[in-house]
Amino acid sequence: MRVAFLGPPGAGKGTQARELAREWGVPHLATGDMLREAVAAGTRLGLAAQRYMEQGALVPDDVIIDLMRERLAAADATKGFILDGFPRTIAQAEALGKVLAETGQALGAVVFFDVSEAELLRRLTGRRVCRQCQATYHLVSAPPAKTGICDKCGGELYQREDDSEKTVRNRLEVYTRQTAPLLDYYRGHSLLRTVRGEGPIDGIRRAIREAAGDAR
Ligand code: AP5
Ligand code: MG
Ligand code: ZN
C-alpha cells in the first residue's frame, strides 16, 4: 500500500491516516507532524521551519524533500506508507516520483479529500490535538470524554498555533495556489481518486479503502 492523502487543511487527512496506517500495517508519514516535533525539540530542522509554519506558509521544497528522502529510506517505509501532507507542490511530487523510482517503487493512488471551505474553517478553528499521541478532536463534533484530556492516552489537548482564524485563511489560500495544482498533475498520471470528505468518519474511511484499492 503506497498511498498519498491530498487535501486542504482540515480535510481529515490526519484523522483517517492514523487509523488506516494501523489497519494496513504501514507507517503514517505526516510532514506536518514531523515538523511540529522538530520545532518542539528545537532541532535545526525545527528552527528552519518554524517561521513558515507560524504564518501558514509552506516550508521550502528543498528542506521537505531532504526530510522525506531520508524518511522514505528507513526500513519501515520500504513495504508501504501513507503520506499525509506531502507532496504539496509540483516540485515535491516530482522529487517523490524520482526517490521512489530509484528503488523500483511507485505510488499506487493519490486520494483527494473533497471538503467545502465553510466546513474546513469550522473544523480547524474547533480542533484540539493530543500533545502525546497526536490524536485529533473537535470541540463540537468530536469532543473528548473529559475536557482537555485525550481519550486514548490521557495526554493534554492543545490548540495548534496555526489554527487561529487568520492563519487558517492564509493556509487555505496557500493550498489553493501551491497545492491544488497537484490535482491535475496526478489526474494526468491516472492516480487521482476523489473521496467526499464530509459526513461520518467511518463512511469516509470505507470510501478511502475502496479508493486506495483495499478490497476488505
Ligand atoms: P499540516 O500539519 O500538514 O497541516 P494541514 O495540511 O494544514 O492539514 P491539517 O493537519 O490542518 O488537516 P488534516 O487534513 O490533517 O485534518 P484533521 O484530520 O486534523 O501542515 C502544517 C504546516 O507544516 C504547513 O502549514 C506548512 O507550514 C508545513 N508543512 C507540512 N507539510 C509540508 C510540505 N509538504 N511542504 C511544505 N510545508 C509543509 O481534521 C481536522 C479537524 O476536523 C479535526 O478537529 C477533526 O476532528 C475534524 N474532522 C475530521 N474528519 C471529520 C469529519 N468527517 N467530520 C467532522 N469533523 C471531522
Ligand atoms: Mg494533519
Ligand atoms: Zn493522546
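Just so it is clear, none of the values below were taken in a lab; they were calculated from the coordinates. Everything quoted here is computed from the prediction, not taken from an experiment. All Cβ positions, even for glycine, are placed from backbone atoms using ideal geometry, and neighbour counts span all protein chains on display.
Structure notes:
- Residue check, R69 basic (K, R), assigned to a helix (DSSP H, G or I) and away from ligand 2 (no atom under 16 Å from the Cβ): yes
- Of all residues making up the range 170-216, the number that are in a helix (DSSP H, G or I) and more than 20 Å from Q92 (Cα to Cα): 12
- Residues in the range 46-59 that are surrounded by 18 or more Cβ atoms within 10 Å (Cβ to Cβ) and either among the small types (G, A, S) or touching a Phe, Trp or Tyr at 6+ places or on another chain (Cβ under 8 Å) (or both): A49, G56, L58, V59.
Matching residues to (1) crowded, with 18+ Cβ neighbours inside 10 Å; (2) among the aliphatic types (A, V, I, L, M); (3) within 17 Å of R128 (Cα to Cα):
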| site | (1), (2), (3) |
| --- | --- |
| F5 | yes, no, no |
| G10 | yes, no, yes |
| R18 | yes, no, yes |
| E23 | no, no, no |
| R44 | no, no, no |
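- Output for the range 152-163, where each listed residue is within 13 Å of ligand 1 (Cβ to nearest atom), part of a loop (DSSP other than H, G, I, E, B) and surrounded by 15 or more Cβ atoms within 10 Å (Cβ to Cβ): R160
- Residue in the range 27-46 that is polar (S, T, N, Q) and outside any helix (DSSP H, G or I) present: yes
- Some residue of the range 140-155 being touching a residue at least 24 places away in the same chain (Cβ under 8 Å) and among the charged types (D, E, K, R): no
- Residue check for T167: closer than 18 Å to R88 by Cβ and not in a helix (DSSP H, G or I): no
- Matching residues, the range 88-142, being under 15 Å from the mean Cα position of the chain (by Cα), away from ligand 3 (no atom under 16 Å from the Cβ) and either assigned to a loop (DSSP other than H, G, I, E, B) or of a type in the set (V, I, T) (or both): R88, T89, V110, V111, V115
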